[in-house]
Amino acid sequence: MAGVRVGRRGRSAPRLFAAAVTVYGLGLLGWLRWPAFAESVIGGIVAIPPFSIYVLEHVGVPGLTDRGDCNWMWCKPTTFGILFTTVVWLGAAWCASAGIARLVGSRRIPGDGPPAPPSARGE
């Protein structure tokens with residue numbers, strides 16, 4: 001299935017998805033590397049997917065954390081937990097990018113532009 005193309009530059013859902021994942025990846029790298037960035041507002045937003053492991057486990061998804069390796073009530077995420085949460089958030093990013101591409105595409109004017117106004121002679 002081809003992506004939804006929008007506008008002259010051909011913005012499609014896969015391009016929007018790739019841009020979002022790239023920007024988030026850079027933010028995650030900053031969050032992991034610099035403590036000052038992790039404490040900022042943007043760092044807090046970037047931290048939502050990693051900490052959603054604990055929310056998903058609280059909701060009832062089993063096996064996301066290792067109950068035998070806990071420190072200050074924070075249990076270490078398992079490999080399954082990291083992969084599961086990554087799949088969930090990548091799926092959400094894909095749905096958001098497809099929705100944005102479809103929304104923007106529905107507002108595009110079909111054809112070469114707006115229809116010509118009627119002529120003064122009544123033709």
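None of the figures in this text is laboratory data; all of them are computed from the coordinates on show. Computed from a predicted model, the values in this text were never measured in an experiment. Note that we place each Cβ from the backbone using ideal geometry, even for glycine, and neighbour counts take in every protein chain shown.
Distance between the pseudo-spin-label points of SER52 and THR79 (7 Å out from Cα toward the beta carbon): 2.3 nm.
Applied to the stretch 32-44, the Karplus parametrisation 6.51 cos²θ - 1.76 cosθ + 1.60 on θ = phi - 60° returns per-residue 3J(HN,Hα) values of 6, 8, 10, x, 5, 5, 5, 8, 7, 5, 4, x, x Hz, with x for Gly and Pro.
Which of rounded, prolate or oblate describes the stretch 13-104 when judged by the alpha-carbon gyration tensor and an a/c cut-off of 1.5? It comes out oblate by the Cα gyration axes. Residue-wise HN-Hα couplings along the stretch 63-69, as the Karplus relation 6.51 cos²θ - 1.76 cosθ + 1.60 with θ = phi - 60° gives them from phi, are x, 7, 10, 8, 5, x, 10 Hz; Gly and Pro carry x. In this structure, the amide hydrogen of ASP66, modeled 1.01 Å from its nitrogen in the peptide plane, lies closer than 5 angstrom to those of LYS76, THR78, counting only residues at least 5 positions away or on a different chain. Cβ-to-Cβ counts within 10 Å put ILE100, ILE53, ILE82 in ascending order as ILE82, ILE100, ILE53, the fewest first.
About the centre of its Cα atoms, the stretch 13-104 shows a dipole size close to 280 debye [charges on the beta carbon of Lys, Arg (+1) and Asp, Glu (-1) only; nearest 20 debye]. For the pair ILE42 and ALA19, the difference between a 0.36 nm per residue extended length and the Cα-Cα distance amounts to 6.6 nm.
Quick one: PHE84, PHE37, fewest Cβ neighbours within 10 Å first, how do they rank?
Numbers: PHE84 18, PHE37 15.
Exposure proxy ranking, most exposed first: PHE37, PHE84.
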